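Down below is the structure, laid out as structure tokens.
The values are calculated or read from the model by the stated rules, or taken from the named source; none is laboratory data. Values in this document were obtained by computation on a predicted structure and should not be read as measured data. So basically every Cβ, Gly included, is an ideal-geometry build from the backbone, and we count neighbours across all protein chains shown.
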């Protein structure tokens with residue numbers, strides 16, 4: 001079996017305001033490329049993110065249910081997510097990304113940058129940044145159909161046209177499943193369906209000028225078990241939610257990677273809606289929009305042995321939020337808006353042995369206090385394939401519309417006096433990259449200030465929100481290993497230890513945060529041999545805490561589990577593959593969220609047709 005060197009040409013797109021080689025970035029980055037995505041063939045993109053270090057993925061029920069991601073112990077709305085350069089955190093859903101409706105058949109690359117990145121990208125980038133590329137621009141087409149356990153079925157298609165000056169690519173995907181009863185296994189099944197689409201086009205009227213447009217549409221319907229409207233007990237119900245998110249982006253860029261000057265102007269628009277039903281009777285709905293206009297200028301120059309890159313960015317963003325209800329007679333209706341401007345400055349310097357980066361960003365809000373974020377990092381190559389890296393970063397998260405203005409009669413009242421949450425942290429890593437092996441050992445420590453928490457007012461008997469006066473702490477260790485044995489086998493493995501605590505006002509002690517396992521990790525492999533291609537993974541999620549969502553609202557412990565998935569495909573002829581897939585191969589009985597069951601072992605089979613040029 002011939003050995004292959006580790007690919008050092010992969011480009012990181014979110015660890016700086018300009019793309020850079022993965023081998024030269026001081027940031028902690030994991031990239032899942034097109035080959036691994038195709039060979040693992042997970043239906044929802046969150047299953048891929050679960051394989052990255054320190055990414056805790058919690059799903060409230062079976063596949064397609066509400067899913068939250070917490071990176072390095074951060075909150076669920078502290079991960080900033082981009083798709084083809086568009087920020088998709090949902091302003092109508094607490095600024096969390098609705099990744100449970102993101103069809104993985106639309107993705108060609110997933111990049112996860114860990115640690116605070118607000119100095120580069122602004123609000124929500126406390127735990128890290130996730131960037132998802134749509135289907136690539138390689139010419140050709142592909143189509144796929146699959147079916148299997150729990151009434152699961154999916155179909156997708158993609159294609160690209162490429163000329164000397166233009167490129168156009170698109171993809172669509174559909175999924176559905178009848179699912180399982182997420183409450184106790186005795187009631188109605190809780191299934192889901194989603195339909196997604198993505199388009200991207202570019203035109204180069206001149207060698208160093210590019211005009212581009214991209215768009216994405218996500219729709220989903222999820223059934224779930226909620227609460228009895230009279231007793232408020234968690235029970236088997238006919239609840240469902242219907243979610244839509246559409247977004248588009250246009251840009252004009254002048255210059256190239258080799259140009260001393262480069263500039264880009266871009267605008268994006270996002271719209272989302274979330275509707276909740278009980279037995280097909282609408283209970284409430286939210287709707288949000290986000291518009292963004294940005295201008296970026298880069299200057300490259302060299303002094304002595306150092307290559308410099310100076311970047312300046314100006315952003316203007318506006319968001320709206322609208323809420324309507326039927327169960328309270330319209331008393332919780334909301335119509336809100338906010339805007340903010342931001343200025344970002346970044347310097348990056350590279351020499352043969354050192355790479356340094358400093359970024360400063362000022363966010364100017366119209367609803368609450370302005371914020372300044374700083375990031376500084378350094379990578380030093382010490383020889384023999386070894387390097388050391390260190391970084392200091394700060395993050396912010398603006399209060400959500402619900403935190404500020406949410407209202408439920410006799411239950412909850414928002415707090416418009418909130419200020420943004422802020423985080424600061426350090427990390428240091430020892431890395432090795434040589435030949436067929438790459439490895440890294442990273443330690444980090446972060447503090448979260450002004451955390452927004454729920455509080456109870458004994459005078460009004462209403463819950464509300466407030467900024468916590470004390471500090472929450474997160475620290476941990478990450479170990480990663482990659483081995484490129486050959487075309488037949490590529491291995492990756494990681495282990496993460498997390499210590500995440502928050503102050504407990506009742507006991508005046510530090511308690512472990514919920515839904516954050518202390519130990520986690522994964523092993524993934526993929527490869528090809530003759531007509532066979534294959535991929536598989538096993539993820540370990542350690543014991544973690546949750547809170548009972550009914551009386552007595554006490555803390556509960558959820559057990560650890562191993563989640564194993566595998567896929568194998570056989571090429572019947574060029575461009576025609578038959579494949580089989582298995583999930584939860586160890587038949588684990590587990591819960592990510594207390595009281596919500598998940599699927600046991602499942603098997604699937606399908607066919608893929610492709611123009612060979614479009615295959616990874």
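Please count how many residues of segment 545-588 are farther than 21 Å from residue 35 by Cβ, touching a residue at least 24 places away in the same chain (Cβ under 8 Å) and assigned to a loop (DSSP other than H, G, I, E, B).
7
From 138, 155, grab the single residue that is modelled with pLDDT of 90 or more and surrounded by 16 or more Cβ atoms within 10 Å (Cβ to Cβ).
The conditions single out 155.
Does residue 127 satisfy the condition of being farther than 22 Å from residue 292 by Cα, at pLDDT 90 or above and surrounded by fewer than 22 Cβ atoms within 10 Å (Cβ to Cβ)?
Taking the combined requirement at face value, the residue does not satisfy it.
Of (1) touching a residue at least 24 places away in the same chain (Cβ under 8 Å); (2) not in a strand (DSSP E or B), residue 329 satisfies all except one. Which?
Of the numbered conditions (1) touching a residue at least 24 places away in the same chain (Cβ under 8 Å); (2) not in a strand (DSSP E or B), the odd one out for residue 329 is (1).
Quick check on segment 589-606. Is at least one of its residues farther than 27 Å from residue 154 by Cα and in a loop (DSSP other than H, G, I, E, B)?
For segment 589-606, residues farther than 27 Å from residue 154 by Cα and in a loop (DSSP other than H, G, I, E, B): present.
Taking the stated definitions as given, is residue 70 buried (at least 21 other Cβ atoms within 10 Å of the Cβ), closer than 30 Å to residue 512 by Cβ and modelled with pLDDT under 90?
When the stated conditions are applied, residue 70 does not pass them.
Out of 444, 432, I need the residue that is modelled with pLDDT of 95 or more, under 17 Å from residue 54 (Cα atoms) and in a strand (DSSP E or B). Which one?
Just a single option satisfies the conditions, and that option is 444.
For segment 15-119, which fully contained strands (runs of 3 or more DSSP E) count at least 2 residues that are within 15 Å of the chain's Cα centre (by Cα) and under 23 Å from residue 272 (Cβ atoms)?
Passing ranges, in order: 55-59, 67-71, 79-83, 107-114.
Rundown of residues vs (1) over 26 Å from the mean Cα position of the chain (by Cα); (2) under 28 Å from residue 178 (Cβ atoms), yes/no style:
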residue	(1), (2)
569	yes, yes
572	yes, no
576	yes, no
579	yes, yes
592	no, yes
596	no, yes
601	no, yes
606	yes, yes
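Would you call residue 429 touching a strand residue (DSSP E or B) at 6+ places or on another chain (Cβ under 9 Å), within 14 Å of residue 480 (Cα to Cα) and either buried (at least 18 other Cβ atoms within 10 Å of the Cβ) or without any contact (Cβ under 8 Å) to a residue 60 or more places away in the chain (or both)?
yes
Does residue 351 satisfy the criteria of being surrounded by fewer than 16 Cβ atoms within 10 Å (Cβ to Cβ) and out of contact with any helix residue (DSSP H, G or I) (no Cβ under 6 Å at 6 or more places or on another chain)?
Judged against the criteria, residue 351 is a match.
Any idea which of (1) within 20 Å of residue 420 (Cβ to Cβ); (2) touching a residue at least 40 places away in the same chain (Cβ under 8 Å) is the one residue 300 doesn't satisfy?
Single failed check for residue 300: (1).
Suppose we filter 179, 157, 170 for residues that are in contact (Cβ under 8 Å) with a residue 40 or more places away in the chain and part of a strand (DSSP E or B); which single one remains?
So the residue among 179, 157, 170 that is in contact (Cβ under 8 Å) with a residue 40 or more places away in the chain and part of a strand (DSSP E or B) is 179.
When you scan segment 445-489, how many residues do you find that are under 24 Å from the mean Cα position of the chain (by Cα) and farther than 17 Å from residue 418 by Cβ?
The number of residues fulfilling the criteria is 13.
Condition (residue is within 30 Å of residue 224 (Cβ to Cβ), in contact with a helix residue (DSSP H, G or I) (Cβ under 6 Å, 6 or more places away or on another chain) and buried (at least 18 other Cβ atoms within 10 Å of the Cβ)) applied to segment 601-612: is it met by at least one residue?
yes
Name, by its number, the condition in (1) under 24 Å from residue 356 (Cβ atoms); (2) touching a helix residue (DSSP H, G or I) at 6+ places or on another chain (Cβ under 8 Å); (3) crowded, with 21+ Cβ neighbours inside 10 Å that does not hold for residue 391.
It fails just one condition, (2).
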